[in-house]
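Note sheet for the following structure.
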Amino acid sequence: MDLTIDVENYKLNVRAAGIITHNGKMLVHRNINSDHYALIGGRVEIGEDSATTVKREIKEELGKEIEITGYIATIENFFEMKESKYHEIMFIHKVEFTDEDDKKIECTMKNIEGKDYLQYEWLDLKQIDEYPLLPTAVKDILKENKFPVHKINNDLK
């Protein structure tokens, strides 16, 4: 069961994500029906730690094994989506593919779960400000390049 709980007029959401970088680019996912990118990951399940969540989500979505190589950030994220307000706690880990051939992937990838609306793309880190990446605090974290960090991202203001 995912850690998403309805509290008054908010949804409390616990999410974990991984950042994979290669040749100056970062792998993210995008719903082709939306106008933004997001970090790869998903909701933490009850009784599951955030590192395990990232490993599980990447295996489910891409069929790839990863290893956690560091901790990047915690973001308290406040936003609205589909007429619901969210209070999200996001844990972001630095990850790498374990397979040497996977470490060479530079193309857009498809979701293997049958979610054809999701695709995985590489964004150039030097041009990170040009991409609609959410939460926006991720851009600051990447540019500051000091880990681990705790940020508050409030898009409700």
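None of the figures in this text is laboratory data; all of them are computed from the coordinates on show. What you see is a predicted model, and the numbers here were worked out from it, not measured in a lab. Virtual Cβ from ideal backbone geometry, glycine too; neighbours counted across all protein chains shown.
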Condition set touching a residue at least 60 places away in the same chain (Cβ under 8 Å) and touching a helix residue (DSSP H, G or I) at 6+ places or on another chain (Cβ under 7 Å), scope segment 129-157, selection surrounded by the fewest Cβ atoms within 10 Å (Cβ to Cβ): answer is 149
Matching residues, segment 70-128, being among the charged types (D, E, K, R), under 26 Å from residue 3 (Cβ atoms) and loosely packed, with under 12 Cβ neighbours inside 10 Å: 80, 82, 83, 113
Against the condition part of a strand (DSSP E or B) and basic (Lys, Arg), how does residue 94 come out, does it pass? yes
Within segment 69-83, is there a residue that is over 23 Å from residue 137 (Cβ atoms) and either in contact (Cβ under 8 Å) with a residue 60 or more places away in the chain or assigned to a strand (DSSP E or B) (or both)? no
Among the listed residues 14, 7, identify the single one that is surrounded by 13 or more Cβ atoms within 10 Å (Cβ to Cβ) and under 19 Å from residue 81 (Cα atoms). 14
